[in-house]
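See structure below.
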Amino acid sequence: MGDVPGLPSPAAGTDRAPLPFDVIIAGCGPTGAVLAAELRLHDVRVLVLEKETEPVSFVRIVGLHIRSIELMAMRGLLKRILERGRQRPAGGFFAAINKPAPEGLDSAYAYLLGIPQPVIVHLLEEHAIELGAQVRHGCAVAGFEQDDEGVTVELADGERLRSRYLVGCDGGRSTVRKLLGVGFPGEPSRTETLMGEMEVGVPQEEITARVAGIRETHQRFWLRPFGEGVYSVVVPAAGVSDRAEPPTLEDFKQQLRTIAGTDFGVHSPRWVSRFGDATRLAERYRVGRVLLAGDAAHIHPPIGGQGVNLGVQDAFNLGWKLAAQIHGWAPEILLDTYQAERHPVAADVLDNTRAQMELSSTEPGAQAVRRLLTELMDFDEVNRHLIEKITAIGLRYDFGEGPDLLGRRLSDIAVKQGTLYGLLHRGRGLLLDRTECLTVGGWSDRVDYFGDSTAVLDVPCVLLRPDGYVGWVGDDQQDLDNHLSRWFGKPAH
Ligand SMILES: Cc1cc2nc3c(=O)[nH]c(=O)nc-3n(C[C@H](O)[C@H](O)[C@H](O)COP(=O)(O)OP(=O)(O)OC[C@H]3O[C@@H](n4cnc5c(N)ncnc54)[C@H](O)[C@@H]3O)c2cc1C
């Protein structure tokens, strides 16, 4: 998968060239910051290059869904994020169909965490730096070359830096992906939406009355008070420009008049932006020593609020595998399981956003399907399936034949020492052994052992990978050893 004729194909265990950095990450958005932190947990020398000197000016609220919240808890980060975010009900996200989440979702964190994107990015970057990552702002990656031993990264000002690997976490217009020549097939934007914060010139009652009527058919329309007389305004654009520059206040006024019959006297914008519904997926996530993650690898419309979540989960999947490759204990194919596992997940998210966009169309047929799905969501199983999809707690990686738990996450169950996730802060593998008879033997430098006969689990013993997914279930030492080798390479002794 990562092996391309003519390009270097680093072999596991032989990758110890003395270069200044092990990994350079292009882009310090949510994906790049989380990846840097995950690599630092394994003592990988990381440099993050971020082209912007200042944090982004727009303060759009993003939602962390259940699986991402769990991952934050798993690394001991949730408390500080909760202090800056707001908990909201988990339901109502699939195509913005207003249904509460079903009872008894299998998570200790069954809510949505709304937080301004610049705040979450800052917290994640701060965490990565605390763990020892270097982050340089005002440094845009402009080029790179890879060879047998590493990658030479060239910055926009001509400076050249060496590392063993480069990961493009540089967003949807990724320079790294383009330079890598990786295809990005999919659909261009068919619709665009204007979004911003501004003051209004009419009373709240008038806005409430008009907006309620319009939202019955237009999902991409709202004016919501944001505090201190400022409103969050979202309105469909006149057409598709596919431009990076922000829209003007006049663009907003015109579109508000077209759809609502009034521009609500909007003025004094705090920030304005636009987004499209282009849907694309990178053909490959790795070429030799260069990898892609987050929006650099996949873009889709924001409906359902899954982009940050998908990127953060890419980073959790990749971090420990790349660290294993760098430290020389990765089994031969481990790094390529990153694409094998994450590409289908992204393809599924792209599909569900396509479906959600259809359901949000104002066409009569689409509206009829929306009404039908709204009825169907009264069935618990339908509602549960959709919410487990959006929140990623229903995800099961294909690890081959095995019990249903294999390839799934474990929720944060109570254990003798507190909670399961509390045992995963260091980002290592974990054997949770209810039989208290097994051992991690020669893998104890990579995998923690925890025996607890009282743990509430339906199976005798599970092996968790560092990203919290079940890599083995059973009670036989030989079978366990085989799976320890599968995920963690050769034993140390
Ligand atoms: C209106 C809207 C609402 C959204 N709401 C949600 C939501 O509720 N929940 C959710 O999960 N997602 C949401 N998203 C999606 C989410 O914002 C993105 O998916 C997410 O930001 C992707 O993170 P990333 O780190 O992969 O990329 P980005 O956030 O794009 O970060 C990439 C970084 O790379 C930097 N960069 C770019 N080029 C270079 C270069 N050459 N060299 C160095 N640095 C570079 C950029 O400056 C940037 O900091 C929303 C998106 C939109 C438009």
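General remarks:
- When Lys416 is tested against the conditions (1) within 26 Å of Gly305 (Cα to Cα); (2) basic (Lys, Arg); (3) modelled with pLDDT under 95, the lone failure is (1).
- Verdict on Gln367 being under 30 Å from Gly304 (Cβ atoms) and modelled with pLDDT under 95: yes
- Scanning segment 322-333 for residues that are surrounded by 23 or more Cβ atoms within 10 Å (Cβ to Cβ) and in contact with a Ser or Thr (Cβ under 9 Å, 6 or more places away or on another chain) yields a count of 0.
- Taking first residues from segment 39-51 that are over 16 Å from Glu154 (Cβ atoms) and partners that are away from the ligand (no atom under 16 Å from the Cβ) and among the acidic types (Asp, Glu), the Cβ contacts under 6 Å between residues at least 6 apart in sequence or on separate chains come to Val44/Asp22; Arg45/Asp22.
- Residue in segment 159-182 that is touching a Cys at 6+ places or on another chain (Cβ under 6 Å), surrounded by 14 or more Cβ atoms within 10 Å (Cβ to Cβ) and at negative phi present: no
- Meets criteria (touching a strand residue (DSSP E or B) at 6+ places or on another chain (Cβ under 7 Å) and within 30 Å of Ser232 (Cα to Cα)) for Cys139: no
- Output for segment 352-361, where each listed residue is in a helix (DSSP H, G or I) and either more than 30 Å from Arg465 (Cβ to Cβ) or out of contact with any Gly (no Cβ under 8 Å at 6 or more places or on another chain) (or both): Arg354, Ala355, Gln356, Met357, Glu358, Leu359
- Segment 409-420: number of residues that are assigned to a strand (DSSP E or B), in contact (Cβ under 8 Å) with a residue 60 or more places away in the chain and surrounded by 16 or more Cβ atoms within 10 Å (Cβ to Cβ): 1
- Remark: pairs (first residue in segment 93-110, of a type in the set (Asp, Glu); second residue part of a helix (DSSP H, G or I); Cβ separation under 9 Å; 6+ apart in sequence or on different chains) = Glu103/Asp380; Asp106/Glu388.
- Residue identified as within 9 Å of the ligand (Cβ to nearest atom), in contact with a strand residue (DSSP E or B) (Cβ under 7 Å, 6 or more places away or on another chain) and modelled with pLDDT under 95 among Val62, Val48, Val56: Val62
- Residue tally, condition buried (at least 16 other Cβ atoms within 10 Å of the Cβ) and in contact with a helix residue (DSSP H, G or I) (Cβ under 8 Å, 6 or more places away or on another chain), over segment 71-93: 12
- Any chance Ser189 is in a loop (DSSP other than H, G, I, E, B), polar (S, T, N, Q) and surrounded by 18 or more Cβ atoms within 10 Å (Cβ to Cβ): yes
- Among the residues making up segment 23-45, those that are under 29 Å from Glu197 (Cα atoms) and more than 6 Å from the ligand (Cβ to nearest atom) are Ala33, Val34.
- Residue in segment 232-245 that is surrounded by fewer than 16 Cβ atoms within 10 Å (Cβ to Cβ), of a type in the set (A, V, I, L, M), farther than 24 Å from Gln306 by Cβ and touching a residue at least 12 places away in the same chain (Cβ under 8 Å) present: yes
- Entirely in segment 248-335, the strands (runs of 3 or more DSSP E) that have 2 or more residues that are without any contact (Cβ under 8 Å) to a residue 24 or more places away in the chain, more than 16 Å from the ligand (Cβ to nearest atom) and among the hydroxyl-bearing types (Ser, Thr, Tyr): none
- Residue, farthest from Leu292 (Cα to Cα), within segment 130-169, restricted to residues that are outside any strand (DSSP E or B) and hydrophobic (A, V, I, L, M, F, W, C): Leu131
- Single match in Thr439, Thr435 (criterion: out of contact with any helix residue (DSSP H, G or I) (no Cβ under 8 Å at 6 or more places or on another chain) and β-branched (Val, Ile, Thr)): Thr435
- Within the option set Val349, Val345, being part of a helix (DSSP H, G or I), more than 11 Å from the ligand (Cβ to nearest atom), surrounded by fewer than 24 Cβ atoms within 10 Å (Cβ to Cβ) and under 14 Å from the mean Cα position of the chain (by Cα) holds for one residue only, Val345.
- The C-beta contact set for segment 355-381 (first residue over 20 Å from Pro302 (Cα atoms) and without any contact (Cβ under 8 Å) to a residue 60 or more places away in the chain, second residue assigned to a loop (DSSP other than H, G, I, E, B) and not polar (S, T, N, Q), distance under 9 angstrom, 6+ apart or interchain) comprises Glu381/Pro102.
- Matching residues, segment 362-392, being polar (S, T, N, Q) and either buried (at least 17 other Cβ atoms within 10 Å of the Cβ) or assigned to a helix (DSSP H, G or I) (or both): Gln367, Thr374, Asn383, Thr391
- Under the condition of being of a type in the set (D, E, K, R), more than 14 Å from the ligand (Cβ to nearest atom) and under 22 Å from the mean Cα position of the chain (by Cα), the residues counted in segment 148-188 number 1.
The values are calculated or read from the model by the stated rules, or taken from the named source; none is laboratory data. None of the values given here were measured: they were computed from a predicted structure. So basically every Cβ, Gly included, is an ideal-geometry build from the backbone, and we count neighbours across all protein chains shown.
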